[in-house]
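Everything on this sheet refers to the single structure shown next.
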Amino acid sequence: MYIKELVLDNFKSFGQKTRIPFYEDFTTVTGPNGSGKSNVIDSVLFALGLARTSGIRAEKLTDLIYNPGHQEGESFQGQREASVEVVMDNANRTLDRAQVVNAAGSDDIGDIDEITIKRRVKETEDNYYSYYYINGRSVNLSDIQDLLAQAGITPEGYNVVMQGDVTEIINMTPGSRREIIDEIAGVAQFDEKKEAAFEE
Ligand code: ATP
Ligand code: MG
């Protein structure tokens, strides 16, 4: 499974609906400072529910909505809604139909050669709302997290290496570094289960 396309609509610096294609093996995003490269990564973390708001460089969820006066620090009264779609190629059936049906809570999910996870954030006068979808079916964050975990994608996992992570790993104590290796190797979950069992 791999990400084959992102569709950003009104997300951060992407004021216009923008489709970004990804290749199966390797894709690089280049551009001048401040052109929105990191915002592309933020969009993936946002849509897949893999990071807290601070992890995608926003104080609150509604800061993720495109604001033309952002650099000037102005607040904006325009369209107060942003969305990101992550289109994943599942032709190799990393996730099978039953898993997707279970997560989407519906049989009506179309062809699972493609799995589309979408998140929307909408601001009203006195509140804001966040919505998640799997192949167009409205779901909760936990449904997305459960589904992605079955493909080995988790918030604790190192599926995304953030700016500064490498330096942090170099400066870590050997013990902490070992924890990361355990996480990647998939043995950390057994340590957690062992600890939980000891506690009982
Ligand atoms: P660098 O090379 O310095 O890492 P980058 O390409 O990663 O740069 P980003 O951090 O992705 O750049 O983008 C920063 C830009 O996004 C800033 O110009 C900032 O004003 C803009 N931006 C962030 N949030 C919003 C928003 N809600 N509305 C409009 N623009 C935004
Ligand atoms: Mg950057």
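The values are calculated or read from the model by the stated rules, or taken from the named source; none is laboratory data. Values in this document were obtained by computation on a predicted structure and should not be read as measured data. Glycine gets a Cβ as well: all are built from the backbone with ideal geometry, and neighbour counts include every protein chain shown.
Quick look at the values:
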| quantity | calculated |
| --- | --- |
| Selected residue (only one of Gly105, Gly73, Gly69 is on the phi > 0 side of the Ramachandran plot and free of Cβ contacts under 8 Å to residues at least 12 places away in the same chain) | Gly73 |
| Residue identified as more than 23 Å from Tyr131 (Cβ to Cβ) and either touching a residue at least 40 places away in the same chain (Cβ under 8 Å) or outside the structural domain of Gly136 (by TED's automatic domain parsing) (or both) among Asp89, Asp113, Asp96 | Asp89 |
| The stretch 49-93 - residue that is more than 16 Å from ligand 2 (Cβ to nearest atom) and among the β-branched types (Val, Ile, Thr) and, of those, modelled with the lowest pLDDT | Thr53 |
| Spans of strands (runs of 3 or more DSSP E) in the stretch 1-91 with at least 3 residues within 14 Å of ligand 1 (Cβ to nearest atom) and touching a helix residue (DSSP H, G or I) at 6+ places or on another chain (Cβ under 9 Å) | 81-89 |
| Residue count, the stretch 75-92 (criterion: of a type in the set (Ser, Thr, Tyr) and crowded, with 19+ Cβ neighbours inside 10 Å) | 1 |
| Evaluation of Asp126 against (1) at pLDDT 95 or above; (2) closer than 24 Å to Thr62 by Cβ; (3) of a type outside the set (A, V, I, L, M) (one fails), failing number | (1) |
| Residue check for Phe46: surrounded by 15 or more Cβ atoms within 10 Å (Cβ to Cβ), hydrophobic (A, V, I, L, M, F, W, C) and either more than 15 Å from ligand 2 (Cβ to nearest atom) or modelled with pLDDT of 95 or more (or both) | yes |
| Qualifying positions in the stretch 6-26 - surrounded by fewer than 18 Cβ atoms within 10 Å (Cβ to Cβ), more than 15 Å from Lys37 (Cα to Cα) and not hydroxyl-bearing (Ser, Thr, Tyr) | Gln16, Lys17, Glu24, Asp25, Phe26 |
| Condition check for Asn127: without any contact (Cβ under 8 Å) to a residue 60 or more places away in the chain, touching a strand residue (DSSP E or B) at 6+ places or on another chain (Cβ under 7 Å) and in the same structural domain as Lys60 (by TED's automatic domain parsing) | no |
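Quick grid of which residues meet (1) of a type outside the set (Val, Ile, Thr); (2) more than 12 Å from the chain's Cα centre (by Cα); (3) over 22 Å from Gly152 (Cβ atoms):
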{"residue": "Leu6", "(1), (2), (3)": "yes, no, no"}
{"residue": "Asn10", "(1), (2), (3)": "yes, yes, yes"}
{"residue": "Arg19", "(1), (2), (3)": "yes, yes, yes"}
{"residue": "Asp25", "(1), (2), (3)": "yes, yes, no"}
{"residue": "Thr28", "(1), (2), (3)": "no, yes, yes"}
{"residue": "Ser38", "(1), (2), (3)": "yes, yes, yes"}
{"residue": "Ile41", "(1), (2), (3)": "no, no, no"}
{"residue": "Leu45", "(1), (2), (3)": "yes, no, no"}
